[in-house]
Amino acid sequence: QVQLVESGGGLVQGGGSLTLSCAASGPIFSRNVMGWYRQALGKQRELVATITSGSSTNYADSVKGRFTISRDNAKNTVHLQMNSLKPEDTAIYYCNFMQMGQLYWGQGTQVTVSS
């Protein structure tokens, strides 16, 4: 069973920056996809960004140009650098890990952006 531990959430003023990190442990294969999703209060969970083990990335239109996803395959970690944060970025951010058709989720970390 893959386990995910997130860190780095918090409260930030609009225009500020935060970095989220997620560490995966357990039986990890070389080919996998890691990513971040978020869920704002009263809304459905949505994709933020994903990155494959070959470093191909995908971003939601709402975060393109502001967020950067990266990973360290040796450490099985994924990071989300969030710049120019907006109040509408406020949500619980969930780390996501997919391999061999199995999907895993972290416990979530709160990001709150004040106006």
- Message: Taking the solvent-accessible surface of protein heavy atoms with a 1.4 Å probe, what is the per residue accessible area of the chain in Å²?
- Response: 54
- Message: Considering the Cα positions of the stretch 1-48, please state its Rg to one decimal place and its Dmax as a whole number of Å.
- Response: 13.7, 39
- Message: Between Arg31 and Glu88, what's the calculated FRET efficiency when r is the beta-carbon distance and R0 is 22 Å? Round to 0.05.
- Response: 0.05
- Local charge sum around Gln107 (other residues, Cβ-Cβ under 15 Å, Lys/Arg +1, Asp/Glu -1)? +1
- Dividing the Cα convex hull volume of the stretch 18-85 by residue count, how many Å³ per residue is that? 101
- Local charge sum around Arg38 (other residues, Cβ-Cβ under 11 Å, Lys/Arg +1, Asp/Glu -1)? -1
- Note on the structure: By accessible area (1.4 Å), largest first, Phe97, Phe29 order as Phe29, Phe97
- Query: Between Met98 and Ser115, what length in nm is gained on full extension when 0.36 nm per residue of separation is reduced by their alpha carbon distance?
  - Reply: 2.7 nm
- For the stretch 1-41 and the stretch 54-72, compute the distance between their C-alpha centroids and round to whole Å. 12
- Message: How would the stretch 55-103 be classified by its alpha-carbon gyration tensor: rounded, prolate or oblate, with rounded meaning a/c under 1.5 and the a/b versus b/c comparison settling the rest?
- Response: prolate
- With every protein chain in place, the accessible area of Leu18 for a 1.4 Å probe, in Å² rounded to the nearest 10, comes to 30
- Put Glu88, Glu46, Glu6 in order of accessible area, largest first, probe 1.4 Å, and you get Glu88, Glu46, Glu6
- Item | Nearest-10 value in Å² for the accessible area of Arg45, using the 1.4 Å probe | 90
- Which percent of the accessible heavy-atom area of the stretch 1-64 goes to carbon and sulfur, probe 1.4 angstrom? 48
- Quote the accessible area belonging to Trp105 in square angstrom, nearest 10, computed with a 1.4 Å probe and with ligands, DNA and RNA left uncounted. 100
- Message: Counting only other residues whose beta carbon sits under 14 Å from that of Gly8, what net charge do I get with K and R as +1, D and E as -1?
- Response: -1
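The values are calculated or read from the model by the stated rules, or taken from the named source; none is laboratory data. Because the structure is predicted, anything quoted here is derived from the model rather than measured. All Cβ positions, even for glycine, are placed from backbone atoms using ideal geometry, and neighbour counts span all protein chains on display. Quick note on the areas: whole protein, heavy atoms, side chains included, nothing else; ligands and nucleic acids left out. Shrake-Rupley method; radii C 1.70, N 1.55, O 1.52, S 1.80 Å.
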